[in-house]
Every structure is written in C-alpha cells, then in structure tokens.
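The values are calculated or read from the model by the stated rules, or taken from the named source; none is laboratory data. Small disclaimer: the values here were computed from a predicted structure and weren't measured. All Cβ positions, even for glycine, are placed from backbone atoms using ideal geometry, and neighbour counts span all protein chains on display.
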Amino acid sequence: MIALEAVTVKGETSALCQSVGLVRATLYRRRRPVQASTPTPRPPSSRALLPAERQAVLDVLHRERFVDQSPAEVHATRLDEQTCLCSTRTMYRILDAAHEVRERRAQARHPAYAKPELVATASNQIWSWDITKLRGAIPYLYYSLYVILDLFSRYVVGWMVAGQENAHLAQRLIEATCLKQGIVPQQLTIHADRGAPMRSKLVSLLFSDLGIEASHSRPRVSNDNPFSEAQFRTFKYRPAFPDRVGSVEHARSVSHDLFDWYNNAHHHSGLIYLTPADVHHGRADHVLANRHQVRLAAHAAHPERFVNGRPQGQTLPREVWINPPMKTTRQDAPQTTIVTPDDPAYGGIHGSHVMLERQSTALIRTVESLQ
C-alpha cells in the first residue's frame with residue numbers, strides 16, 4: 001500500500017513538473033523581445049535569362065504561328081529549326097510572369113445565388129409549384145403531375161396531369177389558376193425550383209404580363225422548396241395512391257380524389273390541424289371558435305381531466321416563411337436574452353483562448369511564488 005501511494009505521488013509530481021515546465025517556457029517566450037525579421041533578397045541566378053532574352057522568347061511565343069500552340073510544341077518546333085531559345089519550363093515561367101497562362105478548358109462559374117426569403121400572411125400571396133412523376137403501367141413510362149400550392153393555407157389551387165414536362169402546359173396551368181383565383185397584378189409571388197419549365201421563357205413572359213414576381217431555389221439546395229415536397233410526400237403516402245397508373249385518365253381520376261381529400265378533409269399539422277380549405281376560404285376562425293366551445297364544455301363536465309387548467313383558444317400562425325431570416329420574432333420573444341460577445345453591459349463574453357491565457361497567467365504567478 002505504501003509503495004502504491006509512492007508511485008501515485010510520483011506520477012502526480014511528474015505531471016506537475018511537466019505543467020510547470022510548460023508554464024515556464026510560455027513565460028520565457030513572452031519575456032523574449034520580438035525580433036523583426038527582414039527578408040533577405042534572393043540573388044539572381046547566373047543561369048537566368050537576361051531581360052532582353054526573356055523579351056525575345058515572349059516575342060517568339062506571340063508570333064501568329066505559335067500563338068495557339070503549347071510551349072512544348074513551340075520548343076520542339078524551334079529545335080527542328082536549329083534554334084534553342086530556352087527550356088519548356090522557362091517558357092511557362094515567362095508566360096506566367098506576363099499573366100498569359102491560364103486553364104485552357106472552359107471552367108464553370110458558380111455565381112453567388114441569393115437565399116430566397118418569402119413570407120405569406122394571407123392566402124394568394126405566395127404560391128409554390130413543382131412537378132412530380134407518376135409511374136406508368138410499364139417500366140420507364142412516367143406521367144407528369146403539375147401542382148400549384150398556396151403557401152399560407154397549403155391549399156392546392158391548381159393541378160394538371162400530362163404525359164411530359166412542357167413549358168406550354170405550365171404556362172396554361174398557371175394562367176388558368178390565376179384567372180380562377182382572381183389574381184391581380186403585383187399581388188402574387190410564385191416560387192419554384194430551377195427545372196426547365198420553371199425557368200422557361202414562356203413562363204417568364206407570362207409572369208411579366210400578369211405582374212407576378214418569380215422566385216427560384218438555389219442550385220443544389222434541397223430545402224428551398226419544402227412545402228411542395230412535403231405535399232408530394234403526403235400525397236404519395238396515402239393508401240389510396242396506386243403504385244402505378246394505367247393511363248393519363250387513370251392518373252387524373254386518382255389525383256382528383258386525392259386532391260379533394262387533401263384540400264377538404266386532411267387536417268394539416270402546420271395549420272393546427274385545420275383543413276387547407278378552411279384556411280384558404282376564411283373559415284379558420286369559425287372552426288377554431290367551435291372547437292374551443294367543445295373543449296370548454298368538456299372542461300365544465302370533467303375539470304379534473306384537464307391537468308393544465310382551463311383550455312385556451314388556439315390561433316392560426318400569422319406568418320409562413322420559406323427560409324426565415326436569422327432574427328425573427330420567435331428569437332426575440334419575451335423572456336429571451338440576446339447578448340453579443342462584446343457587450344460591455346454584461347462584462348463581455350470572451351472566447352476560450354482568452355480564458356486560457358488568463359488561466360496560464362494565474363498558473364505562472366503561482367509557480368513564481370513557489371520558487
């Protein structure tokens with residue numbers, strides 16, 4: 001037992017000595033004066049070409065016969081002509097110094113796309129539309145289902161089944177839906193991804209004629225059109241949705257029944273379990289008031305079953321966002337404290353490196369006091 005305690009004490013002493021050594025090294029390094037380092041210029045090589053020779057090589061590379069050839073090709077051609085200007089690598093260095101070397105292949109440019117931030121506070125302000133595929137009776141046969149969804153009410157305001165994706169069909173669907181919903185200029189924004197029909201010239205001209213603002217998802221981003229994708233998932237996970245459709249007529253019949261259920265019977269979780277039709281047609285307050293009366297009657301009959309007390313009335317969300325900004329009313333809600341790291345009113349919140357320096361300084365002072 002005594003030997004074990006001795007080994008333990010020895011191990012702790014060794015660890016402490018290592019810590020003291022590290023602290024001393026940090027202390028001495030801080031006390032050492034900072035020496036300004038002056039870069040030593042590199043002397044030119046005796047094998048380097050003279051400025052006149054470099055210009056002569058550049059003039060040869062600029063000739064019409066060599067302007068579209070690589071330095072290796074130019075070097076080989078000049079050797080066949082009994083002339084050696086310089087090495088191939090030196091030609092590349094001269095061209096690079098003249099900013100005349102670049103990637104020969106056409107490089108794709110990726111511009112910075114703005115993140116779409118859309119908010120709807122009522123129906124027919126923001127629409128989201130997309131196209132999904134329905135599998136046909138045989139392999140590799142698909143039908144295209146066009147769906148236009150209202151962002152605020154989740155109500156499917158327009159849909160169409162066709163044999164293909166086509167800009168003319170998309171133009172007809174959007175125009176007919178706007179006419180049916182009574183859309184006026186400067187009222188509506190339509191959001192979509194970057195598919196070919198969505199970015200077609202026909203759809204763009206239609207938006208310009210109707211006074212509709214267009215919004216598109218960013219490339220290679222999967223969450224910029226979430227409402228249409230969620231609607232497709234709800235649609236295709238219904239038990240009544242077939243694995244394959246036999247024809248366009250069959251697809252339209254199935255879609256008609258499913259969209260009727262989705263709009264008028266489906267209680268949407270994002271709408272506090274109201275149907276999209278109730279919200280879109282302005283019946284939400286009446287339905288919520290009736291529900292509240294039913295809860296109050298149940299509470300009056302059995303108050304002991306309501307552990308949270310008297311039921312409170314529900315309200316419909318006032319805003320629906322696509323990509324809400326970083327600071328919203330939810331973040332700035334009451335009982336929420338937002339403090340910046342350098343806020344002097346709260347003494348400042350320093351990073352881990354500042355706290356580590358303070359701990360090191362305290363440890364150095366402790367070691368110096370023990371010396």
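Some observations on this one:
- If you go through segment 57-80 and pick out every residue that is surrounded by 13 or more Cβ atoms within 10 Å (Cβ to Cβ) and either outside any helix (DSSP H, G or I) or touching a Leu at 6+ places or on another chain (Cβ under 8 Å) (or both), you end up with 11.
- Criterion applied to 54, 47 was being modelled with pLDDT of 80 or more, within 51 Å of the chain's Cα centre (by Cα) and either part of a loop (DSSP other than H, G, I, E, B) or under 30 Å from residue 105 (Cα atoms) (or both), and the one residue passing it is 54.
- Any hit, segment 135-153, residues being assigned to a loop (DSSP other than H, G, I, E, B), charged (D, E, K, R), at pLDDT 95 or above and surrounded by 14 or more Cβ atoms within 10 Å (Cβ to Cβ): no
- Count of segment 226-256 residues, restricted to those that are within 17 Å of residue 148 (Cβ to Cβ) and in contact with a Gly (Cβ under 7 Å, 6 or more places away or on another chain), is 0.
- Residue ID - farthest from residue 223 (Cα to Cα), chosen from residues in segment 287-325 that are among the aliphatic types (A, V, I, L, M) and in contact (Cβ under 8 Å) with a residue 60 or more places away in the chain: 320
- Close pairs (9 angstrom Cβ cut-off, 6 or more residues apart or separate chains): closer than 19 Å to residue 220 by Cα in segment 93-118, among the basic types (Lys, Arg) anywhere: 113/218; 114/218; 115/218; 116/218
- Subset of segment 1-44 that is in a helix (DSSP H, G or I) and among the polar types (S, T, N, Q) - its residue that is modelled with the lowest pLDDT: 8
- Any hit, segment 261-272, residues being out of contact with any helix residue (DSSP H, G or I) (no Cβ under 8 Å at 6 or more places or on another chain) and more than 21 Å from residue 318 (Cα to Cα): yes
- Residue in segment 63-70 that is farther than 30 Å from residue 315 by Cα and within 40 Å of the chain's Cα centre (by Cα) present: no
- Screening 83, 121, 132, 88 for residues that are surrounded by 11 or more Cβ atoms within 10 Å (Cβ to Cβ) and free of Cβ contacts under 8 Å to residues at least 24 places away in the same chain leaves exactly one candidate, 88.
- Residues of segment 116-134 that turn out to be in contact with a Ser or Thr (Cβ under 8 Å, 6 or more places away or on another chain) and in a strand (DSSP E or B), as a count: 10
- Residue check for residue 162: farther than 15 Å from residue 127 by Cα, touching a residue at least 40 places away in the same chain (Cβ under 8 Å) and assigned by TED's automatic domain parsing to the domain that holds residue 250: yes
- The selection criterion, being at positive phi and part of a loop (DSSP other than H, G, I, E, B), holds for residue 309.
- When segment 94-118 is limited to residues that are more than 20 Å from residue 214 (Cβ to Cβ) and among the basic types (Lys, Arg), the one that is surrounded by the most Cβ atoms within 10 Å (Cβ to Cβ) turns out to be 102.
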